[in-house]
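Colleague: I have a structure I would like to understand better, so I am pasting it below and will then ask my questions one at a time.
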């Protein structure tokens, strides 16, 4: 079973975000949280929040009956896409103007379990309209 967490419009360049996303892709959740906790990059803070949200979403799908620690969760998919740019102008010498582009990005993290769920567990399916 998979659970997804998305975070949009993060005020950071997608290039900087992808450097940290590449570190945690495919890792176990506990190992990924350790990597993010001790990383110096600002992107690690955003990814840590999103990863914790994905784990909470996975537990919510089981109606809170099971703990995520029992099922060996791992990051099955993680990616960062570019978001909108804020375009600004800054005064420059001789009456000119220089463009400033403030980048943003979107991240998506999917977690899945390696240990199979018991047969009698009912999974709450969300309806997408």
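Residue by residue, here is whether (1) free of Cβ contacts under 8 Å to residues at least 12 places away in the same chain; (2) exposed (fewer than 15 other Cβ atoms within 10 Å of the Cβ); (3) closer than 27 Å to residue 5 by Cα holds:
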{"position": "64", "(1), (2), (3)": "yes, yes, yes"}
{"position": "68", "(1), (2), (3)": "no, no, yes"}
{"position": "78", "(1), (2), (3)": "no, no, yes"}
{"position": "81", "(1), (2), (3)": "no, yes, yes"}
{"position": "95", "(1), (2), (3)": "yes, yes, no"}
{"position": "105", "(1), (2), (3)": "no, no, yes"}
{"position": "109", "(1), (2), (3)": "no, no, yes"}
{"position": "112", "(1), (2), (3)": "no, no, yes"}
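Colleague: So which residues in the stretch 70-97 are under 18 Å from the mean Cα position of the chain (by Cα) and in a loop (DSSP other than H, G, I, E, B), if there are any at all?
Modeller: Once the filter is applied, which keeps residues that are under 18 Å from the mean Cα position of the chain (by Cα) and in a loop (DSSP other than H, G, I, E, B), the stretch 70-97 yields 83, 84.
Colleague: If we scan the stretch 13-23, do we find a residue that is farther than 12 Å from residue 108 by Cα and in a loop (DSSP other than H, G, I, E, B)? Talk me through it step by step, then tell me what you get.
Modeller: Filtering the stretch 13-23 down to residues farther than 12 Å from residue 108 by Cα leaves 13-16, 19-20, 22-23.
Of the ones still in play, those that are also in a loop (DSSP other than H, G, I, E, B) are 13.
Yes, the stretch 13-23 contains at least one residue that is farther than 12 Å from residue 108 by Cα and in a loop (DSSP other than H, G, I, E, B).
Colleague: Could you grab the pairs with beta carbons closer than 8 Å, sequence gap of 6+ or different chains, first residue in the stretch 8-20 and under 13 Å from residue 78 (Cα atoms), second one part of a helix (DSSP H, G or I)?
Modeller: Between residues of the stretch 8-20 that are under 13 Å from residue 78 (Cα atoms) and residues that are part of a helix (DSSP H, G or I), the close pairs are 17/43; 17/46; 17/47; 19/43; 20/36; 20/43; 20/44; 20/47.
Colleague: Of all the residues that make up the stretch 56-69, how many are part of a helix (DSSP H, G or I) and more than 15 Å from residue 115 (Cα to Cα)?
Modeller: Qualifying residue count for the region: 4.
Colleague: Next question, about the same structure. Go over the candidates 36, 47, 73 one by one and state the one that is at pLDDT below 95, within 22 Å of residue 20 (Cα to Cα) and crowded, with 18+ Cβ neighbours inside 10 Å.
Modeller: Criteria check complete, one pass: 73.
Colleague: Can you name every residue in the stretch 38-55 that is out of contact with any helix residue (DSSP H, G or I) (no Cβ under 7 Å at 6 or more places or on another chain) and in contact (Cβ under 8 Å) with a residue 12 or more places away in the chain?
Modeller: 42, 46, 49, 50, 52, 53, 54
Colleague: Can you pull out the residues in the stretch 1-12 that are outside any strand (DSSP E or B) and surrounded by fewer than 18 Cβ atoms within 10 Å (Cβ to Cβ)?
Modeller: Step one: list which residues in the stretch 1-12 are outside any strand (DSSP E or B), which gives 1, 11-12.
Of everything in the stretch 1-12, those that are outside any strand (DSSP E or B) and surrounded by fewer than 18 Cβ atoms within 10 Å (Cβ to Cβ) turn out to be 1, 11.
The values are calculated or read from the model by the stated rules, or taken from the named source; none is laboratory data. What you see is a predicted model, and the numbers here were worked out from it, not measured in a lab. Cβ: placed from backbone, ideal geometry, glycine included. Neighbour counts: every protein chain shown.
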